[in-house]
């Protein structure tokens, strides 16, 4: 069954991604000796490469749908993580982020676009985004714990090599996905044009998420004096909540307002940062992760579907636009969060993340009033 194969491919991709990205900040700081600002620059280079390569491949996918793009970028990332533990030069790290590692940013939207193309525009295709997002969330529930186990036994070298092996398994799984049908002729722009303000609102959401992802591991280990493995526990709690919330999202009736759901996701993120900034122990941090998981599940799961319906039939372009908004959040957050942490500390950084989340929600409120996605004659408000 094509969906199960796609589910497995996304799951494996997510496990490998979560294994490395749960600890990439600590790898940069502890193993390579990077400063928070250098880590921020490194993250931003990842983002630029992911946006550029992802946008290029998204447009190519709409013209000629194929599994090749996803397979190639995943294989490049696998090779990059094999080499990463042997690199100590900051300039070489930047070069890798701009090429083999940055290319991985295109894998996620390519798999989601492939699913919509293979499964079609009917109910199965409509449900594919939130259900595959559940696979991604499930991977993030497993991956950080698996990463913590590997890290405790073999250090960062074996962590990167294990993740590289899982990336390879994901690429091989994509080979089993049926070939997508030939593309429907798609104009260079949708009738409504590019939803700029909506894209910016999503960018702000993920900017807050990535800035928090940089600040929270350091806050937990430096300010609260918890063990590094506790970071993996927090990410796994968040991902477990994401799985439940995303599966629930797939079951929500079509008559329920997608706009209201997404706005609820923004609000949940504001609550998450409010709880985290006042936390003094793991219990409060874990409670905050529940709100984080709900927020990510809603905005990511419903958001992909919202963009796909809004820009149909340009599936590759729509999915890549949403994914690039995510990556743009990484780009915006990288250097800025590094500077804020260095000069103002972790608490101020977390408060600013709450403000940015609220601003993104306000922007989405305004922008979504102007646009109503339509699918098969049904308004998806």
Among the residues in region 132-152, are any farther than 19 Å from residue 239 by Cα, in contact with a strand residue (DSSP E or B) (Cβ under 9 Å, 6 or more places away or on another chain) and assigned to a helix (DSSP H, G or I)?
no
Those residues of region 217-238 which are over 12 Å from residue 292 (Cα atoms) and assigned to a helix (DSSP H, G or I) amount to 217, 218, 219, 220, 221, 222, 223, 229, 230, 231, 232, 233
Across region 133-150, what is the number of residues that are within 16 Å of residue 228 (Cα to Cα) and crowded, with 22+ Cβ neighbours inside 10 Å?
4
Tell me, please, whether a residue that is farther than 17 Å from residue 320 by Cβ, in contact with a strand residue (DSSP E or B) (Cβ under 9 Å, 6 or more places away or on another chain) and modelled with pLDDT under 90 can be found in region 216-228.
no
Tally of residues being surrounded by fewer than 21 Cβ atoms within 10 Å (Cβ to Cβ) and in a helix (DSSP H, G or I) across region 278-310:
6
Complete set of residues in region 1-27 that are over 20 Å from the mean Cα position of the chain (by Cα) and modelled with pLDDT under 90
1, 2, 3
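The values are calculated or read from the model by the stated rules, or taken from the named source; none is laboratory data. Fair warning: this is a prediction, and the values are worked out from it, not measured in the lab. Virtual Cβ from ideal backbone geometry, glycine too; neighbours counted across all protein chains shown.
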